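Chemist: Below you'll find the structure I mean.
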Amino acid sequence: MSMTNPLKKFLPCVILDLDGTLLNTDGIVSDVLRVYLNKYGKQWDGKAAYRIVGKTPSEAAAVIVEDFGLPLSTDEFVSEITPMFSAQFDLQKGILEHFDGVELLLYLPCEYMWCKVKALPGANRLINHFRGHGVQMALASNSPRTNVDTKISYQPGWKESFSVIIGGDEVTAGKPSPEIPGVTAGKGADMKVVAVPSLPKQSHLYTSADEVINSLLDLRPEMWGLPPFEDWIEGTLPIEPWYIGGPVVKGFGRGSKVLGIPTANISTEGYSTLLQEHPSGVYFGWAGLSMKGVYKMVMSIGWNPYFDNAEKTIEPWLLHEFDEDFYGEELRLAIVGYIRPEANFSSLEDLIKRIHEDRKMAEKALELPLYSNYRNDEYLKISLPGDESH
Ligand code: ADP
Ligand code: RBF
Ligand code: MG
(Lines give C-alpha, C1' and ligand atoms only; values in the text may rest on other atoms or scores of the structure.)
(Ligands and ions follow the chains in the order given, each with its own letter.)
Protein backbone atom coordinates (compact mmCIF):
# COMPACT_ATOMS: atom_id res chain seq x y z
CA MET A 1 0.00 0.00 0.00
CA SER A 2 2.89 2.32 0.71
CA MET A 3 3.84 1.72 -2.93
CA THR A 4 0.75 3.53 -4.29
CA ASN A 5 1.73 6.56 -6.26
CA PRO A 6 3.89 8.60 -3.88
CA LEU A 7 3.34 11.74 -5.96
CA LYS A 8 -0.33 11.59 -5.34
CA LYS A 9 -0.14 13.15 -1.94
CA PHE A 10 1.60 16.20 -3.40
CA LEU A 11 -1.20 16.95 -5.82
CA PRO A 12 -3.17 20.02 -4.89
CA CYS A 13 -6.83 19.56 -4.05
CA VAL A 14 -9.61 21.52 -5.69
CA ILE A 15 -12.78 22.99 -4.26
CA LEU A 16 -15.60 23.49 -6.74
CA ASP A 17 -18.66 25.68 -6.59
CA LEU A 18 -21.92 24.19 -7.88
CA ASP A 19 -24.51 26.70 -9.15
CA GLY A 20 -23.35 28.52 -12.25
CA THR A 21 -19.99 26.73 -12.17
CA LEU A 22 -20.85 23.07 -12.67
CA LEU A 23 -24.61 23.40 -13.17
CA ASN A 24 -26.53 25.70 -15.49
CA THR A 25 -28.68 27.15 -12.74
CA ASP A 26 -29.10 30.54 -14.40
CA GLY A 27 -30.76 28.87 -17.36
CA ILE A 28 -33.47 27.32 -15.27
CA VAL A 29 -34.07 30.48 -13.23
CA SER A 30 -34.59 32.33 -16.51
CA ASP A 31 -36.97 29.66 -17.76
CA VAL A 32 -39.16 29.94 -14.67
CA LEU A 33 -39.13 33.72 -14.57
CA ARG A 34 -39.96 33.87 -18.28
CA VAL A 35 -43.14 31.86 -17.71
CA TYR A 36 -44.06 33.70 -14.54
CA LEU A 37 -43.57 37.21 -15.93
CA ASN A 38 -45.55 36.37 -19.05
CA LYS A 39 -48.64 36.25 -16.86
CA TYR A 40 -48.11 39.96 -16.21
CA GLY A 41 -47.41 40.73 -19.84
CA LYS A 42 -43.74 41.27 -18.98
CA GLN A 43 -40.72 39.93 -20.81
CA TRP A 44 -37.74 38.36 -19.09
CA ASP A 45 -34.79 39.80 -20.96
CA GLY A 46 -32.03 38.41 -18.79
CA LYS A 47 -30.96 41.82 -17.50
CA ALA A 48 -32.46 41.26 -14.06
CA ALA A 49 -30.29 38.15 -13.77
CA TYR A 50 -27.34 40.48 -13.11
CA ARG A 51 -29.22 42.10 -10.27
CA ILE A 52 -30.24 38.91 -8.49
CA VAL A 53 -27.03 36.91 -8.78
CA GLY A 54 -25.61 36.24 -5.33
CA LYS A 55 -28.61 37.80 -3.56
CA THR A 56 -30.59 36.15 -0.79
CA PRO A 57 -34.00 34.92 -1.90
CA SER A 58 -35.96 37.76 -0.31
CA GLU A 59 -33.57 40.41 -1.65
CA ALA A 60 -33.93 38.85 -5.08
CA ALA A 61 -37.71 38.84 -4.84
CA ALA A 62 -37.70 42.54 -4.02
CA VAL A 63 -35.48 43.25 -7.02
CA ILE A 64 -37.75 41.34 -9.40
CA VAL A 65 -40.90 43.05 -8.13
CA GLU A 66 -39.28 46.46 -8.51
CA ASP A 67 -37.46 45.90 -11.81
CA PHE A 68 -40.56 44.64 -13.55
CA GLY A 69 -42.94 47.00 -11.83
CA LEU A 70 -45.09 44.10 -10.70
CA PRO A 71 -48.35 45.28 -9.15
CA LEU A 72 -47.78 43.34 -5.94
CA SER A 73 -45.69 43.29 -2.80
CA THR A 74 -42.66 41.09 -2.35
CA ASP A 75 -44.69 38.83 -0.08
CA GLU A 76 -47.47 38.58 -2.66
CA PHE A 77 -44.90 37.72 -5.30
CA VAL A 78 -43.59 34.96 -3.08
CA SER A 79 -47.05 33.54 -2.55
CA GLU A 80 -47.78 33.69 -6.28
CA ILE A 81 -44.64 31.85 -7.24
CA THR A 82 -45.23 29.12 -4.72
CA PRO A 83 -48.40 27.59 -6.23
CA MET A 84 -46.71 27.42 -9.62
CA PHE A 85 -44.91 24.43 -8.23
CA SER A 86 -47.77 22.99 -6.22
CA ALA A 87 -47.92 19.75 -8.16
CA GLN A 88 -44.29 19.16 -7.35
CA PHE A 89 -44.73 20.16 -3.70
CA ASP A 90 -46.87 17.12 -3.12
CA LEU A 91 -44.12 14.90 -4.41
CA GLN A 92 -41.44 16.56 -2.40
CA LYS A 93 -43.12 17.72 0.80
CA GLY A 94 -40.39 16.49 3.08
CA ILE A 95 -37.73 18.59 1.42
CA LEU A 96 -39.91 21.52 0.51
CA GLU A 97 -41.08 22.34 4.00
CA HIS A 98 -37.82 24.21 4.50
CA PHE A 99 -38.44 26.72 1.77
CA ASP A 100 -40.63 29.63 0.85
CA GLY A 101 -41.61 30.40 -2.73
CA VAL A 102 -38.68 32.56 -3.64
CA GLU A 103 -36.25 30.01 -2.41
CA LEU A 104 -38.10 27.58 -4.59
CA LEU A 105 -37.47 29.82 -7.49
CA LEU A 106 -33.89 30.70 -6.82
CA TYR A 107 -32.55 27.65 -5.11
CA LEU A 108 -34.59 25.24 -7.18
CA PRO A 109 -35.56 22.91 -4.40
CA CYS A 110 -38.17 21.05 -6.37
CA GLU A 111 -37.53 17.85 -8.15
CA TYR A 112 -39.27 19.05 -11.27
CA MET A 113 -36.69 21.75 -11.79
CA TRP A 114 -33.64 20.07 -10.42
CA CYS A 115 -33.80 17.27 -12.90
CA LYS A 116 -33.95 19.88 -15.64
CA VAL A 117 -30.78 21.62 -14.49
CA LYS A 118 -28.04 20.62 -16.90
CA ALA A 119 -24.34 20.19 -16.31
CA LEU A 120 -22.48 23.14 -17.81
CA PRO A 121 -20.23 22.42 -20.81
CA GLY A 122 -16.94 21.09 -19.51
CA ALA A 123 -18.25 20.10 -16.06
CA ASN A 124 -18.30 16.34 -16.64
CA ARG A 125 -14.99 16.53 -18.47
CA LEU A 126 -13.42 18.36 -15.51
CA ILE A 127 -14.81 16.00 -12.88
CA ASN A 128 -13.81 12.89 -14.83
CA HIS A 129 -10.34 14.28 -15.47
CA PHE A 130 -9.59 15.08 -11.84
CA ARG A 131 -11.10 11.85 -10.63
CA GLY A 132 -9.11 9.86 -13.19
CA HIS A 133 -5.90 11.50 -11.95
CA GLY A 134 -6.67 11.05 -8.27
CA VAL A 135 -7.07 14.78 -7.59
CA GLN A 136 -9.22 15.18 -4.50
CA MET A 137 -12.32 17.30 -5.06
CA ALA A 138 -14.63 19.04 -2.63
CA LEU A 139 -17.95 20.59 -3.51
CA ALA A 140 -18.74 23.76 -1.58
CA SER A 141 -22.09 25.44 -2.14
CA ASN A 142 -23.96 28.20 -0.35
CA SER A 143 -27.13 26.33 -1.14
CA PRO A 144 -28.60 24.12 1.64
CA ARG A 145 -27.10 20.65 1.77
CA THR A 146 -30.35 18.85 0.86
CA ASN A 147 -30.57 20.95 -2.31
CA VAL A 148 -26.98 20.16 -3.19
CA ASP A 149 -27.59 16.44 -2.73
CA THR A 150 -30.76 16.44 -4.81
CA LYS A 151 -29.28 18.54 -7.60
CA ILE A 152 -26.21 16.38 -8.01
CA SER A 153 -28.24 13.18 -7.76
CA TYR A 154 -29.32 13.84 -11.36
CA GLN A 155 -25.71 13.96 -12.55
CA PRO A 156 -24.31 10.46 -12.93
CA GLY A 157 -21.03 9.92 -11.09
CA TRP A 158 -20.85 13.28 -9.38
CA LYS A 159 -21.66 12.29 -5.81
CA GLU A 160 -18.96 9.59 -5.77
CA SER A 161 -16.39 12.01 -7.19
CA PHE A 162 -16.31 14.36 -4.23
CA SER A 163 -14.44 13.53 -1.03
CA VAL A 164 -16.33 16.30 0.73
CA ILE A 165 -19.67 17.93 0.00
CA ILE A 166 -20.71 20.91 2.06
CA GLY A 167 -23.81 23.07 1.96
CA GLY A 168 -24.48 26.57 3.23
CA ASP A 169 -26.44 25.30 6.21
CA GLU A 170 -23.57 23.13 7.42
CA VAL A 171 -21.22 25.96 8.34
CA THR A 172 -21.59 28.80 10.79
CA ALA A 173 -20.63 31.44 8.24
CA GLY A 174 -21.32 30.95 4.50
CA LYS A 175 -19.43 32.51 1.61
CA PRO A 176 -17.57 34.83 1.55
CA SER A 177 -16.24 33.27 4.73
CA PRO A 178 -13.30 30.96 3.93
CA GLU A 179 -15.33 28.23 5.61
CA ILE A 180 -17.01 27.88 2.17
CA PRO A 181 -14.89 29.31 -0.64
CA GLY A 182 -16.23 31.62 -3.29
CA VAL A 183 -13.63 33.90 -4.89
CA THR A 184 -13.32 36.18 -1.87
CA ALA A 185 -13.50 33.25 0.49
CA GLY A 186 -10.89 31.32 -1.50
CA LYS A 187 -8.47 34.22 -1.39
CA GLY A 188 -9.26 34.64 2.30
CA ALA A 189 -8.16 31.04 2.74
CA ASP A 190 -4.93 31.80 0.81
CA MET A 191 -5.85 29.55 -2.10
CA LYS A 192 -5.40 29.98 -5.83
CA VAL A 193 -8.79 30.94 -7.25
CA VAL A 194 -10.05 30.60 -10.81
CA ALA A 195 -13.36 32.40 -11.33
CA VAL A 196 -15.82 31.32 -14.03
CA PRO A 197 -18.50 34.04 -14.08
CA SER A 198 -21.87 32.59 -14.99
CA LEU A 199 -23.13 35.85 -16.47
CA PRO A 200 -21.45 37.63 -19.40
CA LYS A 201 -19.34 40.79 -19.22
CA GLN A 202 -18.79 40.36 -15.49
CA SER A 203 -15.05 39.66 -15.27
CA HIS A 204 -14.37 43.10 -13.73
CA LEU A 205 -16.16 41.88 -10.60
CA TYR A 206 -13.61 39.14 -10.03
CA THR A 207 -10.37 41.06 -9.96
CA SER A 208 -9.25 39.35 -6.77
CA ALA A 209 -9.26 35.95 -8.53
CA ASP A 210 -5.93 34.62 -9.81
CA GLU A 211 -7.55 34.01 -13.18
CA VAL A 212 -10.95 34.71 -14.71
CA ILE A 213 -11.96 32.31 -17.46
CA ASN A 214 -14.97 32.36 -19.70
CA SER A 215 -16.05 28.74 -19.28
CA LEU A 216 -14.73 25.47 -17.93
CA LEU A 217 -13.48 24.72 -21.45
CA ASP A 218 -10.74 27.28 -20.85
CA LEU A 219 -9.34 25.86 -17.63
CA ARG A 220 -5.65 24.90 -17.87
CA PRO A 221 -5.06 22.70 -14.83
CA GLU A 222 -1.29 22.67 -15.44
CA MET A 223 -1.17 26.38 -14.51
CA TRP A 224 -2.08 25.31 -10.99
CA GLY A 225 0.17 22.28 -10.61
CA LEU A 226 -2.59 19.89 -11.69
CA PRO A 227 -2.46 17.29 -14.49
CA PRO A 228 -3.18 18.85 -17.91
CA PHE A 229 -6.18 17.82 -19.98
CA GLU A 230 -5.16 15.36 -22.67
CA ASP A 231 -8.12 15.76 -25.00
CA TRP A 232 -6.95 18.78 -27.02
CA ILE A 233 -6.10 17.70 -30.58
CA GLU A 234 -4.01 19.99 -32.78
CA GLY A 235 -5.15 23.02 -30.84
CA THR A 236 -8.82 22.05 -30.90
CA LEU A 237 -11.11 20.58 -28.29
CA PRO A 238 -13.71 18.02 -29.41
CA ILE A 239 -17.09 18.80 -27.90
CA GLU A 240 -20.41 16.98 -27.71
CA PRO A 241 -21.80 18.08 -31.11
CA TRP A 242 -24.76 20.40 -31.12
CA TYR A 243 -26.95 21.71 -33.89
CA ILE A 244 -28.55 24.99 -34.82
CA GLY A 245 -30.12 26.26 -38.00
CA GLY A 246 -32.48 28.68 -39.67
CA PRO A 247 -32.77 31.14 -42.51
CA VAL A 248 -29.80 33.42 -43.12
CA VAL A 249 -30.65 36.96 -41.97
CA LYS A 250 -29.01 40.38 -42.18
CA GLY A 251 -26.29 40.72 -39.59
CA PHE A 252 -24.69 43.81 -38.15
CA GLY A 253 -23.78 45.07 -41.62
CA ARG A 254 -20.30 45.94 -40.49
CA GLY A 255 -18.93 45.03 -43.86
CA SER A 256 -17.39 41.80 -42.64
CA LYS A 257 -17.52 40.70 -46.26
CA VAL A 258 -15.38 43.66 -47.23
CA LEU A 259 -12.88 42.45 -44.65
CA GLY A 260 -12.94 39.07 -46.35
CA ILE A 261 -14.79 37.46 -43.46
CA PRO A 262 -18.47 37.23 -44.34
CA THR A 263 -20.50 35.70 -41.51
CA ALA A 264 -23.89 34.22 -42.36
CA ASN A 265 -26.00 35.21 -39.39
CA ILE A 266 -29.05 33.12 -38.62
CA SER A 267 -32.06 34.30 -36.73
CA THR A 268 -31.60 33.44 -33.08
CA GLU A 269 -35.32 33.66 -32.43
CA GLY A 270 -36.44 30.51 -30.66
CA TYR A 271 -32.87 29.61 -29.85
CA SER A 272 -32.34 31.64 -26.70
CA THR A 273 -32.03 28.54 -24.52
CA LEU A 274 -29.58 26.87 -26.89
CA LEU A 275 -27.49 30.02 -27.12
CA GLN A 276 -27.56 30.49 -23.35
CA GLU A 277 -26.34 26.93 -22.87
CA HIS A 278 -23.22 27.30 -24.98
CA PRO A 279 -20.31 29.37 -23.75
CA SER A 280 -19.19 32.18 -25.98
CA GLY A 281 -16.06 31.44 -27.97
CA VAL A 282 -14.70 30.33 -31.32
CA TYR A 283 -15.98 26.99 -32.59
CA PHE A 284 -16.00 25.05 -35.86
CA GLY A 285 -17.95 22.37 -37.62
CA TRP A 286 -19.97 21.73 -40.75
CA ALA A 287 -22.54 23.92 -42.46
CA GLY A 288 -25.34 22.63 -44.69
CA LEU A 289 -26.73 25.28 -47.02
CA SER A 290 -29.97 24.59 -48.89
CA MET A 291 -29.59 24.09 -52.65
CA LYS A 292 -25.81 24.27 -52.36
CA GLY A 293 -24.01 21.72 -50.21
CA VAL A 294 -22.09 21.01 -47.04
CA TYR A 295 -19.07 23.14 -46.20
CA LYS A 296 -16.46 23.55 -43.50
CA MET A 297 -17.32 26.34 -41.10
CA VAL A 298 -15.62 28.36 -38.36
CA MET A 299 -17.61 30.72 -36.16
CA SER A 300 -17.76 32.87 -33.10
CA ILE A 301 -20.52 32.79 -30.52
CA GLY A 302 -20.93 35.68 -28.19
CA TRP A 303 -20.79 39.41 -27.88
CA ASN A 304 -17.76 40.10 -30.14
CA PRO A 305 -15.76 42.01 -27.49
CA TYR A 306 -14.06 44.05 -30.21
CA PHE A 307 -17.45 45.49 -31.14
CA ASP A 308 -19.06 44.99 -27.73
CA ASN A 309 -22.43 43.83 -29.06
CA ALA A 310 -25.43 43.97 -26.77
CA GLU A 311 -26.67 40.58 -27.97
CA LYS A 312 -25.19 37.13 -28.03
CA THR A 313 -25.04 36.06 -31.66
CA ILE A 314 -23.45 33.36 -33.75
CA GLU A 315 -21.26 34.40 -36.66
CA PRO A 316 -20.55 31.45 -38.99
CA TRP A 317 -18.00 31.89 -41.75
CA LEU A 318 -18.43 29.23 -44.42
CA LEU A 319 -15.03 28.22 -45.74
CA HIS A 320 -15.93 28.38 -49.40
CA GLU A 321 -16.03 31.07 -52.10
CA PHE A 322 -19.62 31.70 -53.15
CA ASP A 323 -20.55 33.56 -56.34
CA GLU A 324 -23.41 35.36 -54.64
CA ASP A 325 -25.07 36.07 -51.32
CA PHE A 326 -27.54 33.59 -49.90
CA TYR A 327 -29.76 35.64 -47.59
CA GLY A 328 -33.02 33.86 -46.79
CA GLU A 329 -31.66 30.38 -47.49
CA GLU A 330 -31.79 27.66 -44.86
CA LEU A 331 -28.46 27.19 -43.10
CA ARG A 332 -27.81 24.31 -40.72
CA LEU A 333 -24.78 23.96 -38.51
CA ALA A 334 -23.25 20.98 -36.74
CA ILE A 335 -20.79 22.39 -34.19
CA VAL A 336 -18.17 19.80 -33.31
CA GLY A 337 -15.11 21.51 -31.83
CA TYR A 338 -13.88 24.44 -29.77
CA ILE A 339 -10.84 26.63 -30.42
CA ARG A 340 -10.63 29.55 -27.97
CA PRO A 341 -12.56 32.15 -25.99
CA GLU A 342 -13.62 35.35 -27.73
CA ALA A 343 -10.99 38.03 -27.29
CA ASN A 344 -10.58 41.75 -27.65
CA PHE A 345 -7.88 43.14 -29.93
CA SER A 346 -6.08 46.44 -30.09
CA SER A 347 -6.72 46.78 -33.82
CA LEU A 348 -9.06 45.46 -36.48
CA GLU A 349 -5.98 44.09 -38.24
CA ASP A 350 -5.14 41.92 -35.24
CA LEU A 351 -8.73 40.66 -35.04
CA ILE A 352 -8.71 39.71 -38.73
CA LYS A 353 -5.30 38.04 -38.43
CA ARG A 354 -6.56 35.96 -35.54
CA ILE A 355 -9.74 34.95 -37.35
CA HIS A 356 -7.60 33.71 -40.26
CA GLU A 357 -5.59 31.59 -37.83
CA ASP A 358 -8.87 30.16 -36.53
CA ARG A 359 -9.85 29.34 -40.10
CA LYS A 360 -6.61 27.48 -40.78
CA MET A 361 -6.94 25.52 -37.59
CA ALA A 362 -10.56 24.59 -38.34
CA GLU A 363 -9.84 23.63 -41.95
CA LYS A 364 -7.10 21.28 -40.86
CA ALA A 365 -8.92 19.80 -37.87
CA LEU A 366 -12.05 19.07 -39.91
CA GLU A 367 -9.99 16.56 -41.91
CA LEU A 368 -9.55 14.41 -38.80
CA PRO A 369 -11.99 11.46 -38.77
CA LEU A 370 -13.16 12.54 -35.32
CA TYR A 371 -14.61 15.70 -36.88
CA SER A 372 -14.96 14.81 -40.56
CA ASN A 373 -17.55 12.11 -39.89
CA TYR A 374 -20.12 14.76 -39.01
CA ARG A 375 -20.03 16.05 -42.57
CA ASN A 376 -22.50 13.23 -43.33
CA ASP A 377 -24.87 14.10 -40.50
CA GLU A 378 -28.52 13.78 -41.58
CA TYR A 379 -29.28 17.19 -40.09
CA LEU A 380 -27.11 18.89 -42.70
CA LYS A 381 -28.80 17.26 -45.68
CA ILE A 382 -31.24 19.92 -46.77
CA SER A 383 -32.45 20.30 -50.35
CA LEU A 384 -29.15 19.70 -52.03
CA PRO A 385 -28.87 20.42 -55.78
CA GLY A 386 -30.64 17.78 -57.81
CA ASP A 387 -32.57 16.60 -54.77
CA GLU A 388 -36.32 17.12 -55.17
CA SER A 389 -37.33 15.22 -52.06
CA HIS A 390 -37.42 18.20 -49.66
P1 ADP B 1 -24.21 40.67 -42.54
O2 ADP B 1 -23.78 41.78 -41.65
O3 ADP B 1 -25.54 40.91 -43.17
O4 ADP B 1 -24.14 39.33 -41.89
P5 ADP B 1 -21.70 40.05 -43.81
O6 ADP B 1 -20.79 41.12 -44.32
O7 ADP B 1 -21.33 39.34 -42.55
O8 ADP B 1 -23.14 40.67 -43.74
O9 ADP B 1 -21.86 39.01 -44.98
C10 ADP B 1 -22.63 37.86 -44.76
C11 ADP B 1 -23.39 37.43 -45.99
O12 ADP B 1 -22.49 37.15 -47.06
C13 ADP B 1 -24.12 36.11 -45.73
O14 ADP B 1 -25.42 36.34 -45.22
C15 ADP B 1 -24.14 35.45 -47.11
O16 ADP B 1 -25.32 35.81 -47.80
C17 ADP B 1 -22.93 36.05 -47.81
N18 ADP B 1 -21.77 35.17 -47.93
C19 ADP B 1 -21.05 34.99 -49.06
N20 ADP B 1 -20.03 34.14 -48.87
C21 ADP B 1 -20.10 33.74 -47.57
C22 ADP B 1 -19.31 32.82 -46.79
N23 ADP B 1 -18.26 32.19 -47.29
N24 ADP B 1 -19.68 32.65 -45.48
C25 ADP B 1 -20.72 33.31 -44.97
N26 ADP B 1 -21.49 34.15 -45.66
C27 ADP B 1 -21.21 34.39 -46.97
N1 RBF C 1 -15.03 39.08 -32.61
C2 RBF C 1 -14.40 39.52 -31.51
O3 RBF C 1 -14.68 40.60 -31.04
N4 RBF C 1 -13.44 38.76 -30.90
C5 RBF C 1 -13.06 37.55 -31.38
O6 RBF C 1 -12.19 36.90 -30.79
C7 RBF C 1 -13.70 37.07 -32.56
N8 RBF C 1 -13.36 35.88 -33.09
C9 RBF C 1 -13.97 35.45 -34.24
C10 RBF C 1 -13.59 34.24 -34.81
C11 RBF C 1 -14.19 33.80 -36.00
C12 RBF C 1 -13.76 32.49 -36.57
C13 RBF C 1 -15.20 34.58 -36.62
C14 RBF C 1 -15.83 34.13 -37.89
C15 RBF C 1 -15.59 35.77 -36.05
C16 RBF C 1 -14.98 36.24 -34.86
N17 RBF C 1 -15.35 37.44 -34.28
C18 RBF C 1 -14.70 37.88 -33.15
C19 RBF C 1 -16.52 38.14 -34.79
C20 RBF C 1 -16.16 39.28 -35.70
O21 RBF C 1 -15.88 40.38 -34.88
C22 RBF C 1 -17.33 39.57 -36.57
O23 RBF C 1 -17.65 38.48 -37.36
C24 RBF C 1 -17.00 40.75 -37.38
O25 RBF C 1 -18.18 41.25 -37.93
C26 RBF C 1 -15.94 40.44 -38.41
O27 RBF C 1 -15.54 41.61 -39.07
MG1 MG D 1 -22.51 38.64 -40.73
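The values are calculated or read from the model by the stated rules, or taken from the named source; none is laboratory data. On a predicted model such as this, the values are computed, not experimentally measured, just so you know. These area figures cover heavy atoms from the full protein model, side chains too; ligands, DNA and RNA do not enter into them. Shrake-Rupley method; radii C 1.70, N 1.55, O 1.52, S 1.80 Å.
Chemist: For residue 210 and residue 323 in the same chain, what is the full-extension length gain: residue separation times 0.36 nm, less their Cα-Cα distance, in nm?
Modeler: Result: 35.8 nm gained on full extension.
Chemist: Let me ask another. Rounded to two decimal places and with Rh computed the Kirkwood way over Cα pairs, what is Rg over Rh for the range 164-320?
Modeler: Over the Cα atoms of the range 164-320, Rg/Rh equals 1.06.
Chemist: Remind me, relative contact order of the range 217-330 in percent, using alpha carbon pairs under 8 angstrom and six or more residues apart?
Modeler: Averaging sequence separation for qualifying contacts and normalising by length gives 24 percent for the range 217-330.
Chemist: Cα centroid distance between the range 135-212 and the range 57-76, in Å?
Modeler: Distance between centres, Cα-based: 27 Å.
Chemist: Moving on. Once phi is turned into ³J(HN,Hα) by the Karplus curve 6.51 cos²θ - 1.76 cosθ + 1.60 with θ = phi - 60°, what whole-Hz value does each residue of the range 261-267 show in order, with x for glycine and proline?
Modeler: 10, x, 10, 7, 6, 10, 5
Chemist: Quick one: with all protein chains in place, what share of the accessible area of the range 136-282 is carbon or sulfur, to the nearest percent (1.4 Å probe)?
Modeler: 55
Chemist: Over all directions, the average projected area of the alpha-carbon convex hull for the range 258-372 comes to how many nm²?
Modeler: One quarter of the hull surface, i.e. the mean projection, equals 7.5 nm².
Chemist: Quick one: work out Rg over Rh on the C-alpha atoms of the range 180-258, Rh as Kirkwood radius.
Modeler: Ratio of gyration radius to Kirkwood radius: 1.12.
Chemist: Cα-Cα over 20 Å: which of 292/312; 296/364; 47/312; 257/360?
Modeler: Pairs exceeding the cut-off: 292/312.
Chemist: Under the √(5λ) rule applied to the eigenvalues of the Cα gyration tensor, what semi-axes describe the equivalent ellipsoid of the range 122-174? Give them in Å, descending.
Modeler: Working through the eigenvalues yields semi-axes of 21, 13, 8 Å.
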